[in-house]
Amino acid sequence: MAIGYRLLGKLFPSTQSPTPITPNPQRENPEFPIPQLLIRIRSQYTHKLLMLCRLFTRLLILVVVFVVYYSSSLPAQAANKIDSYIARYLHVTEPIALEMDEQGNMRLFSPQELSVGKQLFENNCINCHVGGATLPDPQVSLSLLKLQEANPPRDRINALVTFMRQPMTYDGSQETYWCRQLPPSLLSQQEIESLAAFVLTAAQKSPGWGTESF
């Protein structure tokens, strides 16, 4: 029995010696030096990364400044632009005086304001009034004579603005829906006066404006 136990003890020892581990000189010696090449490479990459970040920041600042400047200059450029039609066909390159009302009050309109008026005319009126004609009713065009013969006359700025705010039939007897209404929510007072100034100037100066035959 004792012999059997000794044999089992030899075959199946209760404790085993640990597997020897090869010592790592870098771990066991905290003073083991890190290769200088790796330090140099890491330093160079860090420096380059910082340079790229600074360059990107400067480019971003330049882009923001350019966008802000360009955006702020657009309204000024648009306001100073004179439409070629105004200069070529209406022969307006300097402010002109237009009659505001029956009392003879006058107001100066610049070529830029007339250019704005032309753009507003194209956006709101040209579908029915191309070239100053009136497609739904060719007998009632935007010629100066037809504007003068309307009731009430529409050959002054305020009268034409009143008509555009609330369109009326040619004899002034009732409202009409043939002409598009332009309320203050759509066009400001300055805008609608520029529109009226363009129509009246075109009626006075543009050849073929308001023709009644096609």
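Take the residues in segment 136-167 that are of a type in the set (V, I, T) and modelled with pLDDT of 95 or more; name whichever of them is surrounded by the most Cβ atoms within 10 Å (Cβ to Cβ).
I157
Restricting to segment 140-172, and then to whatever is under 33 Å from the mean Cα position of the chain (by Cα) and outside any helix (DSSP H, G or I), can you tell me which residue is farthest from S185 (Cα to Cα)?
Ranking the qualifying residues of segment 140-172, first place goes to L142.
Can we say Y170 is surrounded by fewer than 19 Cβ atoms within 10 Å (Cβ to Cβ) and touching a residue at least 60 places away in the same chain (Cβ under 8 Å)?
no
All but one of (1) in contact (Cβ under 8 Å) with a residue 40 or more places away in the chain; (2) exposed (fewer than 14 other Cβ atoms within 10 Å of the Cβ) hold for P184, so report the exception by its number.
(1)
The values are calculated or read from the model by the stated rules, or taken from the named source; none is laboratory data. These figures come from a predicted structure and were not determined experimentally. Glycine gets a Cβ as well: all are built from the backbone with ideal geometry, and neighbour counts include every protein chain shown.
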